[in-house]
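Participant: The structure follows.
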Amino acid sequence: MSAQETLSIFGAGTMGHSIAVSAAWVGNAVKVWGNDSEDIHRAQNGVREKLTVLRRYEAIRAEDEAKILSNIQFSLSKKDVLEGATFVIEAIPEILSLKQEFFKELDAVCSRNVILASNTSGLSPTQIAKFTNHPERTVVTHFWNPAHLIPLVEVVRGQHTSDATVERSLTLLLSMNKKPIVVKKDVLGSVGNRLQYALFREAQYIYEQGVASIADIDAAVQYSLGRRLPVTGPFLTADMGGLDVFHSISHYLFPDLSTAQSSLDEMKHLVDNGNYGQKTGKGFYEWSLEFSERMNQERERELINWLKRDMQMSDESKGNS
Ligand SMILES: NC(=O)c1ccc[n+]([C@@H]2O[C@H](COP(=O)([O-])OP(=O)(O)OC[C@H]3O[C@@H](n4cnc5c(N)ncnc54)[C@H](O)[C@@H]3O)[C@@H](O)[C@H]2O)c1
């Protein structure tokens, strides 16, 4: 991580503790605030479990594991966690009033050069900073879950976010081996979720039209688009496929794609019946314990393999430069 920033994280849940792993992994001391001792205990276990998996797939060595662990310090005291901090990431629950209150509090006690970043999934950075006196130092840094394995972080500008705040956020994230992008406007869903949900809407629509089964729709993505997407995003793919071809397909296909304004019937039906997917044992798929474990492992293993490949490529490019 950039030697210029000292990172503190507020919120020790799913995102808070895995963002801490990302920072500690690159050798930086990071402090994490949790709201009670049970919360901190859970986060410490979460960190240990993540490190065990990283070791299992040889992304880190035993000595790295000990170092990463020792780089993360948990505390119930906001004052302790803020001491010396130059960059704060908030990862508390997704409730606007809670975040506004938190930002107001931090804004009052942190010196002006401290960046205040929110990991909100979709709340407006401008709204989150509404009651601060220095909104120019506020920003959204949207990590994706699991934050220690997914490289993308969306840096979302609020109306008053300064260029310096964006620059410092990008520098910090790059130093954490992340792949940050700048979201120039405060729009719902930023970039990643807009693209993800465009695909999800069409997947539901195709299923409801009886075009293919759920498993086959998933397979169509996994074994075609999905294979290409880690290498070429939509614009690169179009350029490589030929814009004349993509233009003419867009012309006849766009009018036929879903424009649904909310989830389609099958999804509504599942949710209305308390079938939320893996966490309840039934969703679009039946989630036996065995299937659940297998999918968790498979996803984790593949994400780690990608990360190892990224690290290798980055080492190679450093060696070449
Ligand atoms: N979970 C995801 O997949 C995901 C992905 C991207 C962004 N986010 C966003 O990150 C933020 C944190 O999400 P999460 O999934 O880590 O949540 P979480 O519920 O797992 O953790 C929230 C943490 O906030 C703290 N907290 C709990 N109640 C609080 C309160 N009343 N006041 C202050 N702090 C409190 C605790 O430390 C708790 O562990 C949210 O804004 C969420 O939308 C989540």
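The values are calculated or read from the model by the stated rules, or taken from the named source; none is laboratory data. Just so it is clear, the model here is predicted, and its values are computed rather than measured. Note: ideal-geometry Cβ built from the backbone for every residue, glycine included; neighbour counts use all protein chains shown.
Participant: So which residues in segment 206-229 are more than 18 Å from residue 253 (Cβ to Cβ) and hydroxyl-bearing (Ser, Thr, Tyr), if there are any at all?
Facilitator: 213, 223, listed by residue number.
Participant: Can you tell me which residue among 133, 113 is modelled with pLDDT of 95 or more, touching a Ser or Thr at 6+ places or on another chain (Cβ under 9 Å) and either in the same structural domain as residue 20 (by TED's automatic domain parsing) or under 22 Å from residue 193 (Cα atoms) (or both)?
Facilitator: Going through 133, 113 in turn, just one is modelled with pLDDT of 95 or more, touching a Ser or Thr at 6+ places or on another chain (Cβ under 9 Å) and either in the same structural domain as residue 20 (by TED's automatic domain parsing) or under 22 Å from residue 193 (Cα atoms) (or both): 113.
Participant: Taking segment 8-39, which residues are free of Cβ contacts under 8 Å to residues at least 60 places away in the same chain, under 21 Å from the mean Cα position of the chain (by Cα) and either part of a helix (DSSP H, G or I) or within 9 Å of the ligand (Cβ to nearest atom) (or both)?
Facilitator: Selection gives 17, 20, 24, 32, 33, 34, 39.
Participant: Give me the helices (runs of 4 or more DSSP H) completely within segment 214-289, filtered to those with at least 2 residues that are closer than 27 Å to residue 306 by Cβ, ordered by residue number.
Facilitator: 214-220, 234-241
Participant: Could I ask something else about it? Which of the following residues is within 15 Å of the ligand (Cβ to nearest atom), closer than 18 Å to residue 12 by Cα and in contact (Cβ under 8 Å) with a residue 40 or more places away in the chain: 103, 87, 74?
Facilitator: 74
Participant: Name the residue that is nearest to the chain's Cα centre (by Cα), counting only residues in segment 182-195 that are without any contact (Cβ under 8 Å) to a residue 60 or more places away in the chain and surrounded by fewer than 17 Cβ atoms within 10 Å (Cβ to Cβ).
Facilitator: 192
Participant: Report, by residue number, each residue of segment 145-163 that is within 14 Å of the ligand (Cβ to nearest atom), surrounded by fewer than 17 Cβ atoms within 10 Å (Cβ to Cβ) and either charged (D, E, K, R) or outside any strand (DSSP E or B) (or both).
Facilitator: Of everything in segment 145-163, just one residue is within 14 Å of the ligand (Cβ to nearest atom), surrounded by fewer than 17 Cβ atoms within 10 Å (Cβ to Cβ) and either charged (D, E, K, R) or outside any strand (DSSP E or B) (or both), namely 145.
Participant: Can I ask one more? Quick test for you: out of 272, 218, 256, pick the one residue that is acidic (Asp, Glu), on the phi < 0 side of the Ramachandran plot and surrounded by 12 or more Cβ atoms within 10 Å (Cβ to Cβ).
Facilitator: 218
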